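Participant: Handing you this structure, nothing more for now.
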Amino acid sequence: MKHWKVNLYTVWFSQILSIMSFNFGMPFLPFYIQQLGITAPNDIKFYSGILNAAPAVTMAIMCPIWGIISDKYGRKLMLIRAMLFASFIIGATGMVTNVNQLIILRLLQGVFTGTVTAAQILVAANTPKNRISYALGFLSSSTFIGQSIGPVIGGIVAEFVGYRVSFIIGGILMFFDFLLVLFVVKEEKHVAKENINSTEKKEKTSILSIFTVTAVSMLLVILFIRIGRTVFNPYIPIYVQEVTATTKGASGITGIINGILALMTAMSGLILSKLGDKYDKMKLLMIYLTLGMVFAIPLVYINKLWLFTFILGIVFFITGGVEPMIMSITTEDTPVDKRGLLFGIQGTVGNAGFAVAPLLGGVISIKYSTNAILIFIPIFLLISALVVLSIIVHNARHNFHSSLNLKNMFKF
């Protein structure tokens, strides 16, 4: 088997374990903080927003820094760094005694972890250019497979032995993951070191060359799609608790819902992202975002958990192919020695979305209701679709020398 494929499949499996580790306990933070003494409904919503936003804020700051370091000193080093720190932080989460300690750990999580971005950088840098679309689409499925398995197992563990044990098990699993990558993944030395001797002028030009019209527009789509897809996620436990009117069994139900959503996204990454090798990626993005918006509209009117999960699962399946395709579009036009920086910038923007989403959801749920958050899913999908449409129009004008060919614009 070719070297890049060995790395891809190893990193893919390691990411499944990594995301499972995080999801053994993190989706149940609204329940966990109730054990730490936060019991007032509005306080639960407030701290749920803070705890979900905290790592995203610090990770948004650190992503470009880790990206630049990875370009200079190696991508594998950044991945094992993220996994090692994550193993200790996840385990320590199960040992906190108050919510303030939990907030501090979540902030540190954003500073020192970030396995998804680190894995993407490693795979993109060690994969042939003509296979990047496949590699990133395949890798993205690992994130959501881990998210589909982790909450289900974590929910069961939490129901029987408590949330603290779930976090500790997650930390142990992450440490095993660290050892797997440390001893199995082999990074090509010339790829890891190729940027060290670049001159300052060349480096400056390369950095500026990343920010094309398409790249900047894709950053906006990443921001809006992250907000739209995650604005409700931190409040699923609260939603389940409100619908069932009890906390008994709520962890298990929450885990199943999160697992289904993640499974749908994983299937999307494997199925829909492949279409990018056959059809125009921008037009596919437009289709995915528009269909996702249409299916998301009725969510706010649904009050049955099984139907809610079914419809939201469809939305996550349709929109799950968006980010891998964006990564493919931007990576193919970026020099290998600047892909770490590229993914760092995309990580910053994406984590800005992760930070805004729970805070926005918290404000809406406190002022109106938990159910009202669902209104914003189709709104942000619509905004994302309009950004992609603007790119299609811009590219059509450029390709036809400012003559917009409406007949050919939406042809595959």
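Participant: Being without any contact (Cβ under 8 Å) to a residue 40 or more places away in the chain and either crowded, with 18+ Cβ neighbours inside 10 Å or closer than 10 Å to Val231 by Cα (or both) is the filter here, so list the residues in segment 345-394 that pass it.
Facilitator: Within segment 345-394, Ile364 is the sole residue that qualifies.
Participant: Now, a different point. Could you please find all residues in segment 29-66 being hydrophobic (A, V, I, L, M, F, W, C) and either farther than 20 Å from Thr113 by Cα or out of contact with any helix residue (DSSP H, G or I) (no Cβ under 6 Å at 6 or more places or on another chain) (or both)?
Facilitator: If the condition is that a residue be hydrophobic (A, V, I, L, M, F, W, C) and either farther than 20 Å from Thr113 by Cα or out of contact with any helix residue (DSSP H, G or I) (no Cβ under 6 Å at 6 or more places or on another chain) (or both), then Phe31, Ile33, Leu36, Ile38, Ala40, Ile44, Phe46, Ile50, Ile61, Ile65 are the ones that fit.
Participant: Next up: With respect to Ile121, determine if the residue is in contact (Cβ under 8 Å) with a residue 12 or more places away in the chain, surrounded by fewer than 24 Cβ atoms within 10 Å (Cβ to Cβ) and in a helix (DSSP H, G or I). Break it down into steps so the answer makes sense when it comes.
Facilitator: Working: in contact (Cβ under 8 Å) with a residue 12 or more places away in the chain: yes; surrounded by fewer than 24 Cβ atoms within 10 Å (Cβ to Cβ): no; in a helix (DSSP H, G or I): yes.
When the stated conditions are applied, Ile121 does not pass them.
Participant: From the set of residues in segment 290-313 that are within 24 Å of the chain's Cα centre (by Cα) and not aliphatic (A, V, I, L, M), which is surrounded by the most Cβ atoms within 10 Å (Cβ to Cβ)?
Facilitator: Gly292
Participant: Same structure again: Does segment 120-143 contain at least one residue that is of a type outside the set (A, V, I, L, M), touching a helix residue (DSSP H, G or I) at 6+ places or on another chain (Cβ under 8 Å) and at pLDDT 85 or above?
Facilitator: yes
Here is a yes/no grid of residues against (1) in contact with a Lys or Arg (Cβ under 8 Å, 6 or more places away or on another chain); (2) under 17 Å from Asp177 (Cα atoms):
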site	(1), (2)
Tyr47	no, no
Leu51	yes, no
Ala56	no, no
Met59	no, no
Ile89	no, yes
Arg106	no, no
Phe112	yes, yes
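Participant: Further question: Does Thr113 meet the test of being surrounded by 18 or more Cβ atoms within 10 Å (Cβ to Cβ), out of contact with any Asp or Glu (no Cβ under 6 Å at 6 or more places or on another chain) and within 22 Å of Gly37 (Cβ to Cβ)?
Facilitator: no
Participant: Separate question: Can you pull out the residues in segment 147-171 that are at pLDDT 90 or above, closer than 24 Å to Leu263 by Cβ and among the β-branched types (Val, Ile, Thr)?
Facilitator: Ile169 - this is the single residue of segment 147-171 that is at pLDDT 90 or above, closer than 24 Å to Leu263 by Cβ and among the β-branched types (Val, Ile, Thr).
Participant: Just one of (1) part of a helix (DSSP H, G or I); (2) within 30 Å of Ile156 (Cβ to Cβ) trips up Asn303, so point out which.
Facilitator: Tallying (1) part of a helix (DSSP H, G or I); (2) within 30 Å of Ile156 (Cβ to Cβ), Asn303 fails exactly one: (1).
Participant: Separate question: Among the residues of segment 1-36, which ones are modelled with pLDDT under 90 and outside any helix (DSSP H, G or I)?
Facilitator: Listed by number, the residues that qualify are Met1, Lys2, Asn23, Phe24, Gly25.
Participant: Is there a residue in segment 101-110 that is polar (S, T, N, Q) and free of Cβ contacts under 8 Å to residues at least 24 places away in the same chain?
Facilitator: Yes - at least one qualifying residue is present in segment 101-110.
Participant: Kindly indicate whether Trp12 is touching a residue at least 60 places away in the same chain (Cβ under 8 Å), surrounded by fewer than 23 Cβ atoms within 10 Å (Cβ to Cβ) and under 21 Å from Leu179 (Cβ atoms).
Facilitator: Values: touching a residue at least 60 places away in the same chain (Cβ under 8 Å): yes; surrounded by fewer than 23 Cβ atoms within 10 Å (Cβ to Cβ): yes; under 21 Å from Leu179 (Cβ atoms): yes.
For Trp12, the condition - touching a residue at least 60 places away in the same chain (Cβ under 8 Å), surrounded by fewer than 23 Cβ atoms within 10 Å (Cβ to Cβ) and under 21 Å from Leu179 (Cβ atoms) - is met.
Participant: Please count how many residues of segment 228-271 are among the charged types (D, E, K, R) and either touching a Pro at 6+ places or on another chain (Cβ under 9 Å) or surrounded by fewer than 24 Cβ atoms within 10 Å (Cβ to Cβ) (or both).
Facilitator: 2
Participant: Follow-up. Assuming Ala82 fulfils every condition listed in (1) hydrophobic (A, V, I, L, M, F, W, C); (2) in a helix (DSSP H, G or I); (3) more than 16 Å from the chain's Cα centre (by Cα) apart from one, which condition is it?
Facilitator: (3)
Participant: Under 9 Å by Cβ, and 6 or more places apart or on different chains, what pairs join a residue from segment 306-321 that is at pLDDT below 90 with one that is outside any helix (DSSP H, G or I)?
Facilitator: Gly320/Leu272; Gly321/Leu272
Participant: Every residue in segment 326-344 that is at pLDDT below 85 and under 14 Å from the mean Cα position of the chain (by Cα), please. Break it down stepwise before answering.
Facilitator: Restricting attention to segment 326-344, the residues satisfying the condition of being at pLDDT below 85 are 327-344.
Passing the criteria: Met327, Phe343, Gly344.
Participant: State whether the residues of segment 256-271 include one that is within 18 Å of Ile145 (Cβ to Cβ), part of a loop (DSSP other than H, G, I, E, B) and within 20 Å of the chain's Cα centre (by Cα).
Facilitator: First, the residues of segment 256-271 that are within 18 Å of Ile145 (Cβ to Cβ): 256-271.
From what's left, part of a loop (DSSP other than H, G, I, E, B): none.
For segment 256-271, residues within 18 Å of Ile145 (Cβ to Cβ), part of a loop (DSSP other than H, G, I, E, B) and within 20 Å of the chain's Cα centre (by Cα): absent.
Participant: To continue, here is another question. Can Val221 be described as among the aliphatic types (A, V, I, L, M) and at pLDDT 85 or above?
Facilitator: yes
Participant: Then there's this: Scan segment 346-371 residue by residue and report those that are out of contact with any Phe, Trp or Tyr (no Cβ under 9 Å at 6 or more places or on another chain) and assigned to a helix (DSSP H, G or I).
Facilitator: Listed by number, the residues that qualify are Gln346, Thr348, Val349, Gly350, Asn351, Ala352, Phe354, Ala355, Val356, Leu359, Val363, Lys367.
Participant: Of all residues in segment 15-33, which are under 16 Å from the mean Cα position of the chain (by Cα) and within 14 Å of Gly259 (Cβ to Cβ)?
Facilitator: Matches in segment 15-33: Ile16, Ile19, Met20, Phe22, Asn23, Met26, Pro27.
The values are calculated or read from the model by the stated rules, or taken from the named source; none is laboratory data. Owing to the predicted nature of the structure, the values given are computational and were not obtained by experimental measurement. With ideal geometry, Cβ positions are generated from the backbone for all residues, glycine too; neighbour counts draw on all protein chains shown.
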